[in-house]
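Take a look at the structure set out below.
The values are calculated or read from the model by the stated rules, or taken from the named source; none is laboratory data. Model, not experiment: these values are computed from the prediction. Here the Cβ positions follow ideal geometry from the backbone for every residue, glycine too, while neighbour counts run over all protein chains shown.
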Amino acid sequence: MEDTTKKVGAFDKFEDLLNRYLGPIAEKMDKQRHLSAVKKAMVAMTPLLLIGSFCLIPSAIPNMIGESNPLSVWIVANTSYFDLAYTVSMGLMSVFVAVVAAYHLAKSYDLDIPGSLCMALVAFLLLGMEMDEAGGISLSALGSKGLFVAMFASLVAVELYRWCKKRNFTIKMPDSVPDFISSSFEIIPVTIIVIGVFLAIRIVCQGVFGVMPNQIFTNLLAPLIGSMDSPLAVTFYHTLRCFIFFFGIHPSVLSPIVQPIATQFLAENIEAVQAGGVATHIFTPGPMSAFGGFTGLGVTMGVVIWYMFSKSKVQREIGKIAFIPSLFGVNEPILFGAPIVLNPIMFIPFVLFGGILSSIPFWFMSWGWLDCSTFTPPYVGVFLEGFLTNMDWRSIVANIVQLVAALIVYYPFCKVAEKRALEEEARIESEKSAFSAEDEAILDDLGLDF
């Protein structure tokens with residue numbers, strides 16, 4: 001008994017340490033203006049990811065049903081339209097990210113929204129726009145490859161606007177002038193400063209380093225981006241997510257860091273397939289949801305199923321309530337109902353094994369047992385979502401492997417939790433039966449209401 005007390009005491013100290021230091025950091029990250037603006041911008045790109053991914057489906061049909069089929073002939077004849085839809089969605093993603101990130105940051109500062117969006121767009125185009133040999137605008141850096149430049153340019157442009165306004169580097173019009181005219185004149189000095197700053201950055205990058213600004217960002221971030229596209233890194237990432245979620249910190253605080261990287265890899269997979277090649281990147285948004293979040297982070301369906309067949313009445317009810325949400329990747333009911341969060345019994349299976357369970361299909365992709373993703377489907381439920389990411393039936397097998405492994409991993413820990421739940425239920429029942437049957441009969445005769 002002494003041993004258990006010491007263990008629980010040590011866990012409580014560890015929990016207190018994390019809540020004291022990690023909790024505030026996570027809270028600050030979640031509320032930090034710039035990270036919040038980036039996160040919201042990436043979430044806003046979901047429709048574009050869907051459209052861009054859907055544009056790949058028609059090109060795959062002729063290979064499936066034969067090129068001589070009337071449908072295949074029509075698709076081949078109209079390929080340019082599908083390519084156009086991809087170009088104006090994912091092909092210009094960096095432009096949209098620059099605008100949306102600037103919108104959210106400007107809104108948090110209560111700055112003029114139209115002016116902020118214009119400044120952000122100008123700043124990004126100054127850094128990212130290239131001309132092709134024919135003198136036209138090249139779109140290569142306006143897609144996923146320009147994401148980090150877009151974020152940098154939009155956030156800095158809005159900060160420059162705020163700095164100018166704070167120091168009154170603006171043109172103020174009389175109060176009688178309408179607001180929309182006044183705000184247009186207000187940002188004239190800001191426009192000059194923003195264009196000057198970003199034009200200088202481009203001149204230095206091309207004149208001194210001989211490369212475009214986006215290439216500078218690519219070289220600086222190459223170690224981070226490259227390291228994420230490995231099964232070991234994915235496993236570590238999922239383990240980290242399980243770790244912070246165990247202590248009640250939502251893992252979405254990490255999304256501003258990893259989402260742009262995953263999106264870039266998805267775009268490169270799509271481009272490779274469009275060019276007749278093979279998708280090679282495993283760290284993309286679709287699998288992160290369909291496999292990494294299969295029935296919820298840590299594949300907690302293992303707990304749900306064991307709870308549904310538990311001898312404990314309470315656990316059975318919790319399992320039933322959590323079952324349907326888990327089919328759509330929502331595991332908060334089981335995380336907080338079981339509970340798994342802050343439950344010392346569940347630390348080992350959820351944190352130490354949860355990251356591995358969530359990463360099994362990523363290892364399969366790296367070994368060539370599973371096709372890499374070219375599509376980010378909406379939340380359509382388990383098994384189907386995984387299949388839609390790559391149209392590979394083996395995705396369903398990978399999900400089944402995850403589920404079976406989760407049942408094995410969670411079983412002994414669920415049994416320990418079941419034993420404790422039964423003991424607690426027996427204690428509560430004994431407290432209810434504190435009066436003997438004879439005592440209860442006497443109380444009933446007296447007509448006393450307790």
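Which of the residues spanning the range 140-155 are among the hydrophobic types (A, V, I, L, M, F, W, C) and closer than 11 Å to Ala106 by Cα?
If the condition is that a residue be among the hydrophobic types (A, V, I, L, M, F, W, C) and closer than 11 Å to Ala106 by Cα, then Leu155 is the only one that fits.
For (1) closer than 18 Å to Gly128 by Cβ; (2) part of a helix (DSSP H, G or I); (3) at pLDDT 80 or above, each residue gets a yes or a no:
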{"residue": "Ser53", "(1), (2), (3)": "no, yes, no"}
{"residue": "Pro58", "(1), (2), (3)": "no, yes, no"}
{"residue": "Pro62", "(1), (2), (3)": "no, yes, no"}
{"residue": "Glu67", "(1), (2), (3)": "no, no, no"}
{"residue": "Ala85", "(1), (2), (3)": "no, yes, yes"}
{"residue": "Phe96", "(1), (2), (3)": "yes, yes, yes"}
{"residue": "Val99", "(1), (2), (3)": "yes, yes, yes"}
{"residue": "Ala102", "(1), (2), (3)": "yes, yes, yes"}
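Against the condition assigned by TED's automatic domain parsing to the domain that holds Thr389, touching a residue at least 12 places away in the same chain (Cβ under 8 Å), under 10 Å from the mean Cα position of the chain (by Cα) and farther than 23 Å from Thr374 by Cα, how does Pro251 come out, does it pass?
On the way: assigned by TED's automatic domain parsing to the domain that holds Thr389: yes; touching a residue at least 12 places away in the same chain (Cβ under 8 Å): yes; under 10 Å from the mean Cα position of the chain (by Cα): yes; farther than 23 Å from Thr374 by Cα: yes.
When the stated conditions are applied, Pro251 passes them.
Go through the residues of the range 405-426 one by one and say whether even a single one is closer than 30 Å to Ala272 by Cα and modelled with pLDDT of 90 or more.
no
Does Ile261 satisfy the criteria of being among the hydrophobic types (A, V, I, L, M, F, W, C), in the same structural domain as Trp363 (by TED's automatic domain parsing) and at pLDDT below 75?
No; evaluated as a whole, the condition is false for this residue.
Looking at Pro114 and the list (1) over 19 Å from the mean Cα position of the chain (by Cα); (2) modelled with pLDDT under 85, which single condition is not satisfied?
Pro114 satisfies all of (1) over 19 Å from the mean Cα position of the chain (by Cα); (2) modelled with pLDDT under 85 except (2).
Considering only the range 366-405, how many residues are surrounded by fewer than 18 Cβ atoms within 10 Å (Cβ to Cβ), assigned to a loop (DSSP other than H, G, I, E, B) and of a type in the set (Gly, Ala, Ser)?
Total satisfying the criteria: 2.
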